[in-house]
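Student: Here you go, one structure.
The values are calculated or read from the model by the stated rules, or taken from the named source; none is laboratory data. The shown structure was predicted, so the numbers you read here are calculated from the model rather than taken from an experiment. Ideal geometry is used to build each Cβ from the backbone, glycine not excepted, and the neighbour counts take in all protein chains shown. What goes into the accessible areas is simple: the full protein's heavy atoms, side chains included, and nothing from ligands, DNA or RNA. Shrake-Rupley method; radii C 1.70, N 1.55, O 1.52, S 1.80 Å.
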Amino acid sequence: MGYDEIMKLFLERGFLMPSCEIYSDALAGFWDYGPHGNTVKNRYVDLWRRELVRRDGMNEIDGSQVMSKKVFVASGHLESFVDPIVRCEKCGATHRADRLLQEATGKLVPERLPVEQLDQMILETGLKCPSCKGPLGKARRFNLMFRLGVGAADDDSYLRPETCQSIFVDFPRLFKVMRLKLPIGIAQFGKSFRNEIAPRQGVMRLREFYQAEIEVFFNPEKANNLDKYEELRDQTINLDLDGTLLQGVKCSEAFESKHVPNKLVAYYLALLHQFYDKAGLDMKRSRFRRLGGQEKAFYAEEAFDFEVETSLGWVELVACNYRTGYDLAAHAKVSGQDISVLDGDKKVVPHVFELSMGIDRSIYCIMEHAYAQEPERSVVKLRPDLAPITVGILPLVNKDGIPEFSKKIYNPLKTRYDVFYDESGSVGRRYRRLDEIGCPACITVDYQTLQDQTVTLRDRDSMKQIRIKSDQIETTLDKILRGEDLFKQ
RNA sequence: GCGGUCGUCGUCCAGUCUGGUCUAGGACAUCAGCCCUCCAAGCUGACGACCCGGGUUCAAAUCCCGGCGACCGCACCA
């Protein structure tokens, strides 16, 4: 199913809407989650907590979104999270100054060259606009961070462009007071902000977006000394190495053939593969793509993007970056604090391997993979514990005491599950509506219920029905949420 | 940011070229009622829109300008 169908479903069924929609000056790249979208997001994050954070014994924090200027001096974002651009004075086209010069001179032009030097080079080479041969204006740096003025003094600060900087600056205290030992993962779910020049494609590129980031701190001398690696050594992943796709590579093979730098990286790639499998992605359409030198972030020594294939092409869901000691060393230098920690009896500056997950796009891709257009209906085959509604309670008819009995069933379930009570229209219509938002189960109260206290339980995917005792509803729902298939014949 | 295409009920479409008959029409969806013993049935009724601002005109959904947004292409994507 395609992007248009999914976005239509999102807009029509209360998953998502453009932020500030009713105003004419609404900005691109900002979206609000509606009730169903919000529930799916919360449930997705819960899955992330269960299957990555808790499973691996990580610590989760929640840092502030506004951070001081020096954080980004240290992180390199003030200097490097920029594009040097020049604008043509005649046709108005914007170009990357460094790339233009590189093309014209054939020499390497570092991206971080001061703008004065770029201007000088443009003057010397007599560079003109490649589109219209018009004169070029002054080069300037466009920083993708949102700047804020805090307090009456209007102190420079920034909305964080990635959640992980909170983890790095909090790390020294966390390590001490939480009695942490290397290797240790610190995780965070929250908002990040990037002033994209041209946000596109709905939630795929946002200016304000959710990330779930995991920073694994480890002793670089012990990157191959990891007991839990054995648990996942046979887990297979798909690796894309410079355009060559290796499908079904065992974690152990990936390490032994040196496709990944160490056991720790192999283990976390395998763990992430398992996570998305559980989240319901079609893993046959997934890969870890090793990034070449040009593509990597400025802080990454090795990088693998976890990507899935969708109607929009391959979409990056998680950047897996081996950041080395870059971040902690930089924060140590700029802050003047000692950020090294004790590992055994040796002081080390830990290295970092990160799993930087885009939440909004993950949810989009899971929905797209789960959406099926069947001849008679649209159905989203979400795994039950990600569904916005777990169960619908439907009286078959609106008379003879059936609604009353249905409400008796509904009321005690309300506080434990996401339940939806619906008595309007035909029962078939109500099934269809719930299918379309991914609700895995419906309970229908009929005349037999009044006789023997049984209700029908209807399965979203097969549309089959079984009868269960009404006092068995909660245990049955718990089974469904655990992923048990009660409708197999 | 640039270029192209476009913007009408929740959704899809008619109306725009050729200004007035548009008090903006239809279908689907939604809501209420009737009916109703399990997969979008039927009947009755209701709710509901010209993206925003300015201009031209006796008169603007319709023509012009600007803004915002969407899509496609370019560029960008730490």
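Student: Every residue in segment A:421-437 that is surrounded by 13 or more Cβ atoms within 10 Å (Cβ to Cβ) and within 11 Å of RNA strand B (Cβ to nearest atom), please. Reasoning before the result, please.
Tutor: Step one: list which residues in segment A:421-437 are surrounded by 13 or more Cβ atoms within 10 Å (Cβ to Cβ), which gives A:421-423, A:427, A:430-437.
A:Asp422, A:Glu423, A:Val427, A:Arg430, A:Tyr431, A:Arg432, A:Arg433, A:Leu434, A:Asp435, A:Glu436, A:Ile437 - these are the residues of segment A:421-437 that are surrounded by 13 or more Cβ atoms within 10 Å (Cβ to Cβ) and within 11 Å of RNA strand B (Cβ to nearest atom).
Student: With A:Asp471, A:Asp452, A:Asp461, A:Asp478 as the choices, which residue is more than 9 Å from RNA strand B (Cβ to nearest atom), open to solvent by 80 Å² or more (accessible area, probe 1.4 Å) and either modelled with pLDDT of 95 or more or among the acidic types (Asp, Glu) (or both)?
Tutor: The conditions single out A:Asp471.
Student: If you don't mind, another one. Suppose we filter A:Leu434, A:Leu457 for residues that are touching a Gly at 6+ places or on another chain (Cβ under 6 Å) and within 24 Å of A:Arg43 (Cα to Cα); which single one remains?
Tutor: Numbers: A:Leu457 fails: touching a Gly at 6+ places or on another chain (Cβ under 6 Å).
One residue alone meets the criteria, A:Leu434.
Student: Oh, and also: What about A:Lys8, is it more than 10 Å from RNA strand B (Cβ to nearest atom) and of a type outside the set (S, T, N, Q)? I'd like the intermediate steps shown before the answer.
Tutor: Working: more than 10 Å from RNA strand B (Cβ to nearest atom): no; of a type outside the set (S, T, N, Q): yes.
So A:Lys8 does not fit the description; no.
Student: Of all residues in segment A:171-183, count the ones that are under 20 Å from A:Ala330 (Cβ atoms) and touching a strand residue (DSSP E or B) at 6+ places or on another chain (Cβ under 6 Å).
Tutor: Final tally of qualifying residues: 2.
Each row is one residue, and each column tells you yes or no for (1) surrounded by 17 or more Cβ atoms within 10 Å (Cβ to Cβ); (2) on the phi > 0 side of the Ramachandran plot; (3) modelled with pLDDT of 90 or more.
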{"residue": "A:Asp154", "(1), (2), (3)": "no, yes, no"}
{"residue": "A:Arg160", "(1), (2), (3)": "yes, no, yes"}
{"residue": "A:Thr163", "(1), (2), (3)": "yes, no, yes"}
{"residue": "A:Leu182", "(1), (2), (3)": "yes, no, yes"}
{"residue": "A:Ser192", "(1), (2), (3)": "yes, no, yes"}
{"residue": "A:Ala198", "(1), (2), (3)": "no, no, no"}
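Student: Continuing with this model, one more query. I want to confirm something. Restricting to segment A:229-280 and keeping residues that are among the β-branched types (Val, Ile, Thr) and either in contact with a Cys (Cβ under 7 Å, 6 or more places away or on another chain) or open to solvent by 40 Å² or more (accessible area, probe 1.4 Å) (or both), which single residue is farthest from A:Val352 (Cα to Cα)? Break it down into steps so the answer makes sense when it comes.
Tutor: In the first step, residues of segment A:229-280 are kept if they are among the β-branched types (Val, Ile, Thr); the result is A:236-237, A:244, A:249, A:260, A:265.
Narrowing further to those that are either in contact with a Cys (Cβ under 7 Å, 6 or more places away or on another chain) or open to solvent by 40 Å² or more (accessible area, probe 1.4 Å) (or both): A:236-237, A:244.
On the way: A:Thr236: 23, A:Ile237: 22, A:Thr244: 27 Å.
Checking each candidate, the answer is A:Thr244.
Student: For segment A:365-386, which positions are in contact with a Leu (Cβ under 9 Å, 6 or more places away or on another chain) and not polar (S, T, N, Q)?
Tutor: The answer is A:Cys365, A:Ile366, A:Met367, A:Glu368, A:His369, A:Ala370, A:Tyr371, A:Val380, A:Arg383, A:Pro384, A:Asp385, A:Leu386.
Student: Let me ask you something else. If you go through segment A:1-46 one residue at a time, how many are part of a loop (DSSP other than H, G, I, E, B) and open to solvent by 70 Å² or more (accessible area, probe 1.4 Å)? Walk me through how you get there before you give the answer.
Tutor: Our first condition is that a residue be part of a loop (DSSP other than H, G, I, E, B); within segment A:1-46, this holds for A:1-2, A:13-15, A:19-30, A:34.
Okay, now just the ones that are also open to solvent by 70 Å² or more (accessible area, probe 1.4 Å), so A:1, A:20-25, A:27.
Residues meeting the conditions: 8.
Student: While we're on this one: Identify, please: which residue in segment A:313-334 is surrounded by fewer than 17 Cβ atoms within 10 Å (Cβ to Cβ) and touching a residue at least 40 places away in the same chain (Cβ under 8 Å) and is, among those, nearest to A:Ala187 (Cα to Cα)?
Tutor: Keep residues of segment A:313-334 that are surrounded by fewer than 17 Cβ atoms within 10 Å (Cβ to Cβ), which gives A:313-314, A:316, A:329, A:333-334.
Subset that is touching a residue at least 40 places away in the same chain (Cβ under 8 Å): A:316, A:333-334.
Numbers: A:Glu316: 20, A:Lys333: 24, A:Val334: 24 Å.
By that ranking, first place goes to A:Glu316.
Student: Could you say whether any residue in segment A:392-399 is open to solvent by 20 Å² or more (accessible area, probe 1.4 Å) and away from RNA strand B (no atom under 11 Å from the Cβ)? Outline the logic, then answer.
Tutor: At the first step, the residues of segment A:392-399 found to be open to solvent by 20 Å² or more (accessible area, probe 1.4 Å) are A:396-399.
If we keep only those that are away from RNA strand B (no atom under 11 Å from the Cβ) as well, we get none.
Taking every residue of segment A:392-399 in turn, none turns out to be open to solvent by 20 Å² or more (accessible area, probe 1.4 Å) and away from RNA strand B (no atom under 11 Å from the Cβ).
Student: Looking only at segment A:228-244, count every residue that is in a strand (DSSP E or B) and of a type in the set (D, E, K, R) and tell me the total.
Tutor: Taking segment A:228-244 as the starting set, the residues that turn out to be in a strand (DSSP E or B) are A:236-241, A:244.
Still in the list and also of a type in the set (D, E, K, R): A:240.
Qualifying residue count for the region: 1.
Student: With the condition kept exactly as written, say whether any residue in segment A:335-350 is buried (at least 17 other Cβ atoms within 10 Å of the Cβ) and either of a type in the set (Phe, Trp, Tyr) or assigned to a helix (DSSP H, G or I) (or both).
Tutor: No: segment A:335-350 contains no residue that is buried (at least 17 other Cβ atoms within 10 Å of the Cβ) and either of a type in the set (Phe, Trp, Tyr) or assigned to a helix (DSSP H, G or I) (or both).
Student: Now, a different point. Would you be able to tell me the number of residues in segment A:290-326 that are part of a strand (DSSP E or B), out of contact with any helix residue (DSSP H, G or I) (no Cβ under 8 Å at 6 or more places or on another chain), away from RNA strand B (no atom under 11 Å from the Cβ) and more than 16 Å from A:Gly358 (Cα to Cα)?
Tutor: Number of matching residues: 1.
Student: Taking the condition of a type in the set (Phe, Trp, Tyr), surrounded by 18 or more Cβ atoms within 10 Å (Cβ to Cβ) and over 23 Å from the mean Cα position of the chain (by Cα), does A:Tyr210 pass? Explain how you work it out, then say what you get.
Tutor: Numbers: of a type in the set (Phe, Trp, Tyr): yes; surrounded by 18 or more Cβ atoms within 10 Å (Cβ to Cβ): yes; over 23 Å from the mean Cα position of the chain (by Cα): no.
Judged against the criteria, A:Tyr210 is not a match.
Student: For segment A:433-475, how many residues are in contact with a helix residue (DSSP H, G or I) (Cβ under 8 Å, 6 or more places away or on another chain) and in a strand (DSSP E or B)? Explain how you work it out, then say what you get.
Tutor: Taking segment A:433-475 and keeping what is in contact with a helix residue (DSSP H, G or I) (Cβ under 8 Å, 6 or more places away or on another chain), we get A:436-438, A:440-447, A:449-450, A:453-455, A:457-458, A:460, A:463, A:467-468, A:470, A:473-474.
Then keep just the ones that are in a strand (DSSP E or B); that gives A:441-445, A:454-455, A:457-458, A:467-468.
Going through segment A:433-475 one residue at a time, the tally reaches 11.
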